[in-house]
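For reference, the structure discussed in these notes is given below.
The values are calculated or read from the model by the stated rules, or taken from the named source; none is laboratory data. In this text the structure is predicted, and so the values were computed from the model without any measurement. Virtual Cβ from ideal backbone geometry, glycine too; neighbours counted across all protein chains shown. Accessible surface areas use protein heavy atoms only, side chains included; no ligands, DNA or RNA. Shrake-Rupley method; radii C 1.70, N 1.55, O 1.52, S 1.80 Å.
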Amino acid sequence: MLTSIRGLSAATLSARSISAASLTAGLLFSAAPAFASETSSEAVTDSSISAELIAASAALDNNAAETGDLVLTTKVERANEPVDEAVASDFGGESGLSFSANVAFTTEYRFRGVDLSGGEFAVQGGFDVGHDSGLYVGTWASNLDEQTVGYGSTELDVYGGWSGDLTDGLTADVGVIAYLYPDAGPGDFDYIEFYGSLSASIGPASLTGGLAYAPDQDSLGSTDNLYLYTDLGIGIPDTPITINGHLGYTDGFLTFTGDSKAFDWSVGADVAAGPVTFTVAYVGVEGDAINDPGKIFTDDAFVVTVAASF
């Protein structure tokens with residue numbers, strides 16, 4: 001069990017992106033679009049055209065009459081052949097890489113139900129690089145409440161993995177994330193967690209199930225931590241609104257209960273407006289009075305978030 005809390009996050013297990021998750025997740029990669037080709041004709045009537053050009057044109061017309069081919073008096077050249085990948089890669093046009101960033105302002109930093117900002121406002125953001133193969137790497141950061149959390153004022157997450165479609169409508173995401181606390185005091189605080197999820201979409205509804213596992217580490221009290229979760233999202237047709245539900249279960253070091261087992265939950269709604277998403281959620285997590293006196297970390301709360309991705 002915890003005497004003080006550290007961040008519990010993964011790119012695909014939260015509203016950070018996600019990316020990840022969202023989170024996400026699946027969330028993800030594009031290549032440069034191909035350019036359409038077009039050919040046009042126009043009559044040449046400029047009186048300054050030389051006799052040589054007129055004679056050449058007549059010769060082409062005679063040849064066309066004999067062969068049945070269509071001859072264009074004037075041809076506008078277009079890029080109508082496949083782009084040479086070696087040349088395009090020199091300019092990054094066909095590199096297969098995509099870049100994205102995200103920023104969020106939230107009334108509290110809550111993850112897996114636990115309050116990591118002391119009930120205060122938090123600023124968060126990250127940057128991701130993906131490849132059209134599905135591979136990605138990224139980083140994400142948030143301020144912490146230095147007085148209550150005890151791991152400095154900043155959480156910095158660095159992660160990498162693979163996300164892609166397994167079948168039509170079924171997406172997988174697997175990876176590893178490192179939780180870093182760069183301005184923490186003396187001691188072991190950083191730790192590593194492995195994560196994976198499956199997401200399915202049916203009409204306006206999406207369902208995600210996943211897990212995150214942190215193996216034995218000194219920063220986890222020489223124990224491990226397992227997190228299981230499921231997320232449900234239902235979009236309201238013809239509106240930018242999505243209703244969301246989340247249920248998670250922790251078994252291990254990262255809890256505030258005597259038996260090291262705890263459920264967390266949230267119910268909320270997202271409203272999308274272009275690249276900006278407004279979220280309102282009611283968030284809760286299990287905790288007991290012995291491990292969290294005064295419910296500093298585990299008190300239920302309404303959380304409002306404004307996030308943008310670009």
Q. Which distance in nm do the two modelled labels at residue 137 and residue 273 give, with both placed 7 Å along the Cα-to-Cβ direction?
A. 3.7 nm
Q) If eta is 1.002 mPa s and T is 20 °C, what Stokes-Einstein diffusion coefficient results for the range 145-293, Kirkwood Rh from Cα pairs, in µm²/s? A) 122 µm²/s
Q: Give the whole-number value, in cubic angstrom per residue, of the convex hull volume spanned by the C-alpha atoms of the range 234-291.
A: 89 Å³
Q: Could you state how much accessible area residue 234 has, in square angstrom rounded to the nearest 10, with a 1.4 Å probe and all protein chains kept in place?
A: 80 Å²
**Q.** Lys/Arg +1, Asp/Glu -1 at C-beta; the range 171-300 dipole; positive extreme among 249, 203, 185
**A.** 203
